[in-house]
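J.: Pasting a structure below so you can have a look.
The values are calculated or read from the model by the stated rules, or taken from the named source; none is laboratory data. Being a predicted model, the structure only gives us computed values, none of them experimental. Heads up, the Cβs are rebuilt from the backbone with ideal geometry, glycines too, and the neighbour counts pull from every protein chain shown.
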Amino acid sequence: MSNIATLAKSEVRTQPVYEPGKPIEDVARELGLDPDGIIKLASNENPLGSSPRALAAAQRALTEVELYPDGGCFGLRAKLAEKWQLSPTQFIIGNGSNEIIELLGHAFLRPGDEVVMGNPAFVVYKLVTLLFGAKPVEVPLVNHKHNLEALAAAVTPRTRMVFVPSPNNPTGTANTEAELLAFARAMPEHVITVFDEAYAEYLDTPPDLRPLIAEGRNVIGLRTFSKIYGLAGLRVGYGYAGGELAALLNRVRQPFNVNAVAQAAAVAALDDSEFITRCRTENAAGLRQLETGLRNQGVEFVPSVANFILLRVSDGARVFGEMQKQGLIVRPMRAYGLPEWIRVTVGTSDQNERFLALLADLAE
Ligand SMILES: *Cc1c(COP(=O)(O)O)cnc(C)c1O
């Protein structure tokens, strides 16, 4: 009998496994806790829930799920085109923006290609790079921030793609618009610059990267409905780019990659600026609350402009485990090469207080 693993591609056999934040139900079952009492601040989800308009639209869409969704996401792309003042042909809609990262791999990565990325940064960049047999070239952050000059210096004739997340996950740091524009303008033509803007809506003034598209550069901006829009469970995100790049990505996706409920919710969420503004305001207050609390406890942290904070606790796995026993789920950072650190999502003010109290208890 053959061992099935030997039949798999070598990239698949050696592919590292992504460790997601633990779902509330799993933790409740494992520890015999009441799921209703568990707080999850592990995956940067929205503590204020979802846009009520999006939920209403999702419910309406549920009455027609015997039909296939609109494979071209016509309504959502039209809405995005209006919001961004771009053409509908300049968008690619994905099953989460993670899918778009994978589509970039499908379309552009060959074995031996190099992909430049910061470290620590979102692990999916590395996973997708490895999956296509390409080589991750990791550039250490400087003071927890992407040093774009160092990133540019790592580009070679073999580089096919470079990931520039701002704000970055897990550090919560951002680069300025001027830095980002200058970086993309300095890239040679054989490199695709991928701006991951999963947390851009939390910024007071997100950088405007559209001039790069107007100039015809090989860039794509990635956005998601999983964070400030509060729709992580529906899986929908998008990329905006030049029309040719968007067309190539649309060619490699599955015909019905985004479900009808997610499309309807996303369209409605884009119209709910009231909800988004409230989330941004509450998040800013939560960041201040957490940062003040951490400062008072003498805990080292990285000042954040996103909806989470990276903090140093000496033994991240221990603090994660102890907090989980108390019904609070945070994210240990060993997988990011930061065993002394944890990442906590900004919660409601009650949740933030509970986190700070548990942290103080553990320090005693
Ligand atoms: C959460 C996150 C995403 C979004 O992923 P989805 O697939 O859209 O849920 C993308 N990039 C980064 C850096 C993230 O933290």
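J.: Within segment 188-225, count every residue that is assigned to a strand (DSSP E or B), in contact with a Ser or Thr (Cβ under 8 Å, 6 or more places away or on another chain) and within 15 Å of the ligand (Cβ to nearest atom). Quick ask: steps written out before the conclusion?
T.: Applying the first criterion (assigned to a strand (DSSP E or B)) to segment 188-225 yields 192-196, 219-224.
Still in the running and in contact with a Ser or Thr (Cβ under 8 Å, 6 or more places away or on another chain): 195-196, 219-220, 222-224.
Right, trim to within 15 Å of the ligand (Cβ to nearest atom) and you get 195-196, 220, 222-224.
Adding up the residues that qualify gives 6.
J.: Does E45 satisfy the criteria of being outside the structural domain of E201 (by TED's automatic domain parsing) and within 16 Å of A232 (Cα to Cα)?
T.: Yes, satisfied.
J.: Does L181 count as in a helix (DSSP H, G or I), surrounded by fewer than 23 Cβ atoms within 10 Å (Cβ to Cβ) and in contact (Cβ under 8 Å) with a residue 60 or more places away in the chain? Please lay out each step first, then the result.
T.: Working: in a helix (DSSP H, G or I): yes; surrounded by fewer than 23 Cβ atoms within 10 Å (Cβ to Cβ): yes; in contact (Cβ under 8 Å) with a residue 60 or more places away in the chain: no.
Judged against the criteria, L181 is not a match.
J.: When you go through H190, H146 one by one, which is the residue that is within 20 Å of S304 (Cα to Cα) and not small (G, A, S)? Don't jump to the end; show me each part of the working.
T.: Details: H190 fails: within 20 Å of S304 (Cα to Cα).
Step by step, each of H190, H146 is checked, and only H146 is within 20 Å of S304 (Cα to Cα) and not small (G, A, S).
J.: Further question: How about segment 85-147: which strands (runs of 3 or more DSSP E) wholly inside it have at least 3 residues that are touching a residue at least 60 places away in the same chain (Cβ under 8 Å), closer than 24 Å to N175 by Cβ and not assigned by TED's automatic domain parsing to the domain that holds G337? Full working, then the answer.
T.: Details: elements: 91-94, 114-119, 135-140.
Hits in segment 85-147: 91-94.
J.: Which residues, taken from segment 317-339, are within 14 Å of L33 (Cα to Cα), over 23 Å from the mean Cα position of the chain (by Cα) and either of a type in the set (V, I, T) or not in a helix (DSSP H, G or I) (or both)?
T.: Q326, G327, listed by residue number.
J.: Please indicate, with yes or no, whether at least one residue in segment 131-140 is farther than 19 Å from P16 by Cβ, surrounded by fewer than 19 Cβ atoms within 10 Å (Cβ to Cβ) and either polar (S, T, N, Q) or modelled with pLDDT of 95 or more (or both).
T.: yes
J.: Among (1) part of a loop (DSSP other than H, G, I, E, B); (2) more than 30 Å from I24 (Cβ to Cβ); (3) among the aliphatic types (A, V, I, L, M), where does I228 come up short?
T.: Exception for I228: condition (2).
J.: Still on this model: Tell me which of these I342 doesn't satisfy, since it passes every other one: (1) surrounded by fewer than 24 Cβ atoms within 10 Å (Cβ to Cβ); (2) outside any loop (DSSP other than H, G, I, E, B); (3) without any contact (Cβ under 8 Å) to a residue 40 or more places away in the chain.
T.: Result: I342 fails condition (1) only.
J.: Please find, within segment 82-104, the residue that is surrounded by the fewest Cβ atoms within 10 Å (Cβ to Cβ) out of those that are out of contact with any strand residue (DSSP E or B) (no Cβ under 7 Å at 6 or more places or on another chain) and hydroxyl-bearing (S, T, Y).
T.: The residue in question is S87.
J.: Restricting the search to segment 206-216, which residues are charged (D, E, K, R) and within 23 Å of the chain's Cα centre (by Cα)? Working first, answer last.
T.: Taking segment 206-216 first, the residues charged (D, E, K, R) are 208, 210, 215.
Across segment 206-216, the qualifying residues are D208, R210.
J.: Hey, can you tell me all the residues within segment 229-254 that are more than 14 Å from the ligand (Cβ to nearest atom), of a type in the set (A, V, I, L, M) and out of contact with any Ser or Thr (no Cβ under 8 Å at 6 or more places or on another chain)?
T.: Correct list: A241, L245, L248, L249, V252.
J.: Only one of these is surrounded by fewer than 22 Cβ atoms within 10 Å (Cβ to Cβ) and among the aliphatic types (A, V, I, L, M): A121, A107. Name it.
T.: Values: A121 fails: surrounded by fewer than 22 Cβ atoms within 10 Å (Cβ to Cβ).
None of the other options fit; the residue is A107.
J.: Check L67, L62, L76, L55 and return the single one that is within 16 Å of the ligand (Cβ to nearest atom) and either in a helix (DSSP H, G or I) or more than 29 Å from F122 (Cα to Cα) (or both). Outline the logic, then answer.
T.: Values: L67 fails: within 16 Å of the ligand (Cβ to nearest atom); L62 fails: within 16 Å of the ligand (Cβ to nearest atom); L55 fails: within 16 Å of the ligand (Cβ to nearest atom).
Only one candidate qualifies: L76.
J.: Answer yes or no: is there a residue in segment 252-261 that is assigned by TED's automatic domain parsing to the domain that holds Y336, without any contact (Cβ under 8 Å) to a residue 40 or more places away in the chain, more than 19 Å from L80 (Cα to Cα) and polar (S, T, N, Q). Please lay out each step first, then the result.
T.: So in segment 252-261, the residues assigned by TED's automatic domain parsing to the domain that holds Y336 come out as none.
No, the conditions are met nowhere in segment 252-261.
J.: A further question follows. In segment 280-308, what count of residues is obtained for those that are assigned to a helix (DSSP H, G or I) and either in contact with a Cys (Cβ under 9 Å, 6 or more places away or on another chain) or among the polar types (S, T, N, Q) (or both)?
T.: Our first condition is that a residue be assigned to a helix (DSSP H, G or I); within segment 280-308, this holds for 280-296.
Next, from what is left, pick out any that are either in contact with a Cys (Cβ under 9 Å, 6 or more places away or on another chain) or among the polar types (S, T, N, Q) (or both): 281, 283, 289, 292, 296.
Of the residues in that region, 5 qualify.
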